[in-house]
1. Which entries in A:Lys42/A:Lys106; B:Lys15/B:Lys78; A:Lys42/B:Lys71; A:Lys67/A:Lys101 show an alpha-carbon gap greater than 21 Å?
2. Can I get the semi-axes of region A:19-114's equivalent ellipsoid? Compute them from the C-alpha gyration tensor as square roots of 5 times the eigenvalues, in angstrom, largest first.
3. What ranking of B:Leu60, A:Leu46 emerges when the number of other C-beta atoms within 10 Å of each C-beta is taken as an exposure proxy, fewest first?
4. Sorted from fewest to most neighbouring beta carbons within 10 Å, what does the list B:Val19, B:Val47 look like?
5. Can you give the convex hull volume per residue for the Cα atoms of chain B, as a whole number of Å³?
6. Once you put a point 7 Å from the Cα of A:Ala68 and another 7 Å from the Cα of B:Glu68, both along the Cβ direction, what distance in nm separates them?
7. According to the Kirkwood expression over distinct Cα-Cα pairs, how big is the hydrodynamic radius of the protein assembly as shown, in Å?
8. Using a 10 Å cut-off on Cβ to Cβ distances, tally the other chain neighbours for every residue of A:100-108 and report the average as a whole number.
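Every number here is computed from the coordinates shown, using simple stated rules; none is lab data. Small disclaimer: the values here were computed from a predicted structure and weren't measured. Here the Cβ is made from the backbone with ideal geometry for all residues, glycine too, and neighbour counts use every protein chain on show.
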Amino acid sequence: QKEVEQNSGPLSVPEGAIASLNCTYSDRGSQSFFWYRQYSGKSPELIMFIYSNGDKEDGRFTAQLNKASQYVSLLIRDSQPSDSATYLCAVNIKGTGANSKLTFGKGITLSVRP
Amino acid sequence: EAEVAQSPRYKITEKSQAVAFWCDPISGHATLYWYRQILGQGPELLVQFQDESVVDDSQLPKDRFSAERLKGVDSTLKIQPAELGDSAMYLCASSLPLAGYNEQFFGPGTRLTVL
């Protein structure tokens, strides 16, 4: 079993819809969780992180974390064509400080249709 | 705005040649990471530095890859000799030391093509 799994995708939604991106992880000791956006040919860009159970909202983006289910998701409201990109889920598995290590999923490609 | 700098942005080389990539992290970020990203996959950690010390190089192919961060600031990743399978995006990231939740910020990357 891979440490971070992003199995749903590619995802296509119409402009203005809500896009829901899902990620599961295997290590129950994971402490913080990140969503990166990566446009084709570009490097990953950090858009959100979350470390407590529940929801965290930032503009049109909401991250949701459920540690009991080992599940983290990203909701994008009012999706725009500019949101079309690959979204990478990353999990901090070894804790904080110098021993911190992010493990990435393979990403989900989102396409927003005008 | 503070950014991670990387050069070159693109590199084309022939197999068996040596290549080197350079990274300058965000000022004040003591932790530096080198990742390799193959098309369609997420980044995979090659090596992690805390200041000038290697914290994790368990996934670095040490027979051909080397990395250094001599003064604890900028870093160089070298491949010698390059192989066809090394074609990938090489990403450098940095984060604040011993603080926060390990938010990592990436540079623009170096796209390596080995012919």
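1. Working: A:Lys42/A:Lys106 15 Å; B:Lys15/B:Lys78 14 Å; A:Lys42/B:Lys71 28 Å; A:Lys67/A:Lys101 18 Å.
In this structure, A:Lys42/B:Lys71 exceed 21 Å between Cα atoms.
2. They are 23, 15, 11 Å, listed largest first.
3. Working: B:Leu60 19, A:Leu46 16.
The order, fewest Cβ neighbours first, is A:Leu46, B:Leu60.
4. B:Val19, B:Val47
5. Considering the Cα atoms of chain B, their hull volume per residue is 101 Å³.
6. 5.3 nm
7. 18.1 Å
8. Numbers: counts 13, 7, 11, 4, 7, 2, 4, 5, 0.
Partner-chain Cβ atoms within 10 Å, mean over residues of A:100-108: 6.
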